[in-house]
1. So how many residues does the range 106-120 have that are among the acidic types (Asp, Glu), at pLDDT 85 or above and either surrounded by 15 or more Cβ atoms within 10 Å (Cβ to Cβ) or not in a helix (DSSP H, G or I) (or both)?
2. Take residue 69 and tell me if it is outside any strand (DSSP E or B), farther than 19 Å from residue 14 by Cβ and open to solvent by 70 Å² or more (accessible area, probe 1.4 Å).
3. Please tell me if residue 26 is β-branched (Val, Ile, Thr), surrounded by 11 or more Cβ atoms within 10 Å (Cβ to Cβ) and over 16 Å from residue 110 (Cα atoms).
4. Which one is least open to solvent (accessible area, probe 1.4 Å) among residues in the range 50-66 that are at pLDDT 90 or above and more than 11 Å from the chain's Cα centre (by Cα)?
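The values are calculated or read from the model by the stated rules, or taken from the named source; none is laboratory data. Just so it is clear, the structure is predicted and the values come from calculations on it, not from any experiment. Neighbour counts are summed over all protein chains in view; Cβ atoms, including those assigned to glycine, are modelled from backbone coordinates with ideal geometry. The accessibility values were calculated without ligands, DNA or RNA, using every heavy atom of the protein model including side chains. Shrake-Rupley method; radii C 1.70, N 1.55, O 1.52, S 1.80 Å.
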Amino acid sequence: MRFLQSLALTRVFEREVEGELHRFAVLTFTAKELDNLKKYGDVLFIDGTMSQLRLRWEILPITGVDQHRELVSCGIMYASVTNEEVLTWLLAELWRILGPLDILRSIITDEDAAFTAAFESMVKGI
């Protein structure tokens, strides 16, 4: 239980597939990462990379830059797939957190065309 108490915020993307609920992504922030996101979330770097996890989920660290020009962790997403739907959900969740603060200005990523399409879908949704 101690592990669950240390999480400041966790969001899960689940969808029903053929009558069964499937988890596609988990977005999680520690208290410090959430604080970093709210302070330094004007420019975010989202760089997906495959990990050596047994289930082969992709890891997408969310990184910002602090006032000393140092990289700071602003959260992490684990995803079984990084398609347009999951990336749209990621961006919408970031917007839900940062939108009221009105600080998000740029997102830098090395992701594929799905990220561009997801960004366009998210913008239409807001």
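1. The initial filter retains those residues of the range 106-120 that are among the acidic types (Asp, Glu), namely 110-112, 120.
From what's left, at pLDDT 85 or above: 120.
Now drop any that are not either surrounded by 15 or more Cβ atoms within 10 Å (Cβ to Cβ) or not in a helix (DSSP H, G or I) (or both), which leaves none.
Matching residues across the range 106-120 total 0.
2. Values: outside any strand (DSSP E or B): yes; farther than 19 Å from residue 14 by Cβ: yes; open to solvent by 70 Å² or more (accessible area, probe 1.4 Å): yes.
Spelling it out, residue 69 is indeed outside any strand (DSSP E or B), farther than 19 Å from residue 14 by Cβ and open to solvent by 70 Å² or more (accessible area, probe 1.4 Å).
3. Values: β-branched (Val, Ile, Thr): yes; surrounded by 11 or more Cβ atoms within 10 Å (Cβ to Cβ): yes; over 16 Å from residue 110 (Cα atoms): yes.
Answer is yes for this residue.
4. Here the residue is 64.
So that you can scan it fast, the table gives a plain yes or no per residue for (1) at pLDDT 90 or above; (2) open to solvent by 50 Å² or more (accessible area, probe 1.4 Å):
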residue: 10; (1), (2): yes, yes
residue: 35; (1), (2): yes, yes
residue: 43; (1), (2): yes, no
residue: 81; (1), (2): no, yes
residue: 88; (1), (2): yes, no
residue: 99; (1), (2): no, no
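One line per residue, one yes/no per condition, for (1) part of a loop (DSSP other than H, G, I, E, B); (2) without any contact (Cβ under 8 Å) to a residue 40 or more places away in the chain:
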site	(1), (2)
24	no, no
33	no, no
74	no, no
91	no, yes
96	no, yes
104	yes, no
122	no, yes
